[in-house]
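Here the structure comes first, spelled out in structure tokens, and everything after it is commentary.
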Amino acid sequence: MQTTTPPPLRKIIHIDMDAFYASIEQRDFPELRGKAIVVGGSPEGRGGVVATASYEARKFGVRSAMPSKKAQQLCPEAIFVRPRFDVYKEVSRHIREIFHRYTDLIEPLSLDEAYLDVTEDKLQIGSAIEIAKLIKQAIKDELQLTASAGVSVNKFVAKIASDLQKPDGLTFIGPSGVEAFMEKLAVEKFHGVGKVTADKMKRMGLYTGADLKKLSESDLVQHFGKTGRFYYRIVRGLDDRPVEPHRETKSMSAEDTFAYDLTTIDEMNEALDKIAQIVHTRLLKYNLKGRTVTLKIKYSDFRQITRNQSFPQPFNDLQTILSTAKQLLLGTDPEDKKIRLLGVGLSNFGEILPPSNGQQLELF
């Protein structure tokens with residue numbers, strides 16, 4: 001009988017920068033070092049949103065995506081800093097260059113984190129742990145920043161591992177230890193399990209991976225839908241998703257939350273001018289053309305809608321994007337409405353589609 005040799009175990013590293021935006025601000029402005037700083041919108045007026053916070057601010061409970069007003073209440077001494085995305089992108093580019101010294105199998109998740117497959121590394125080092133150490137040291141030497149790394153045999157476990165010893169951590173979960181590690185893990189630590197799902201699990205008496213493991217796949221699907229199949233596999237340490245260096249871009253969008261509600265069409269159109277320009281610049285940078293323009297609106301009561309219009313041929317010119325967004329806005333009868341946020345996106349970079357009838361499309 002012919003036997004087949006199983007494929008070698010993969011060596012996956014997940015790199016996650018520590019308090020990325022805040023750390024860059026503290027690096028570039030010595031007077032901010034050791035201080036509780038919040039990068040994001042100002043708490044003045046209606047208030048913005050926290051993009052990230054320094055570890056000094058996190059001790060007070062300040063977290064990403066939190067309203068800036070709440071962050072100020074939790075940490076009155078916090079210093080609020082406006083984001084400098086051009087600087088963050090340049091630092092991210094340098095970090096990516098460091099990654100490429102060891103592998104080209106890199107899947108960026110955002111400016112500050114990425115998966116690397118080093119099963120076969122360029123320098124033939126052979127050890128994923130050693131490569132992670134070298135990457136962390138290069139980031140520290142060349143950029144004066146720290147990163148945390150998780151090393152394991154698949155993406156899911158590597159991502160969880162990178163969060164275990166922050167900041168400046170390195171955690172290795174070897175193949176023989178993956179299943180035991182997943183059994184001990186609290187359900188709220190599972191990447192992708194939010195607060196609502198975690199609360200539901202706990203009401204069912206499910207507190208750890210070991211508890212989840214007692215349920216059959218059909219039981220998990222019954223309670224959690226198709227995601228239940230993912231839970232069934234991952235609690236057993238099974239994740240065969242490859243690192244995807246050329247993951248397809250599905251959409252390109254930008255949005256803005258305003259300090260005060262927009263109430264006139266002139267104000268809304270002026271905001272769309274700026275937002276559409278950002279989208280247009282990004283499209284040119286990545287040489288993308290799409291067929292569907294989508295408008296996102298969030299009102300002062302937090303009600304949210306999206307509207308879209310599709311075209312038969314791809315485009316990326318600013319005039320078409322902007323005029324379509326403004327027409328979609330008029331179609332929502334915006335006069336005297338209070339608008340908190342506007343967003344514009346372009347999608348459908350693939351097959352040619354017939355013109356749409358304006359049905360909703362969730363882009364954002």
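Quick notes on this one:
- Which numbered condition Ser64 fails, given (1) under 30 Å from Arg340 (Cα atoms); (2) of a type in the set (S, T, N, Q); (3) over 20 Å from the mean Cα position of the chain (by Cα): (3)
- None of Ile125, Ile129 is outside any loop (DSSP other than H, G, I, E, B) and of a type in the set (Val, Ile, Thr) except Ile129.
- Condition met for Glu97 (over 21 Å from the mean Cα position of the chain (by Cα), in a helix (DSSP H, G or I) and not aromatic (Phe, Trp, Tyr)): no
- Any hit, the stretch 109-132, residues being surrounded by 19 or more Cβ atoms within 10 Å (Cβ to Cβ) and in contact with a Pro (Cβ under 7 Å, 6 or more places away or on another chain): yes
- Checked against the criterion of being in contact (Cβ under 8 Å) with a residue 12 or more places away in the chain and over 20 Å from the mean Cα position of the chain (by Cα), the candidates Lys35, Lys70, Lys89 yield just one match: Lys35.
- Of the criteria (1) hydrophobic (A, V, I, L, M, F, W, C); (2) modelled with pLDDT of 85 or more; (3) surrounded by 15 or more Cβ atoms within 10 Å (Cβ to Cβ), which one Ile305 fails: (3)
- Flag for Val153 being touching a residue at least 40 places away in the same chain (Cβ under 8 Å), surrounded by 14 or more Cβ atoms within 10 Å (Cβ to Cβ) and not acidic (Asp, Glu): yes
- Of the helices (runs of 4 or more DSSP H) contained entirely in the stretch 137-245, those carrying at least 1 residues that are over 21 Å from the mean Cα position of the chain (by Cα) fall at 178-184, 195-203, 209-213, 217-224, 227-234.
- Residue match in the stretch 312-332 (condition: at pLDDT below 85 and outside any loop (DSSP other than H, G, I, E, B)): yes
The values are calculated or read from the model by the stated rules, or taken from the named source; none is laboratory data. Quick caveat, the model's predicted, so the values are computed rather than measured. When we count neighbours, we look across all protein chains shown, and the Cβ atoms used for this are built from the backbone with ideal geometry, even at glycine.
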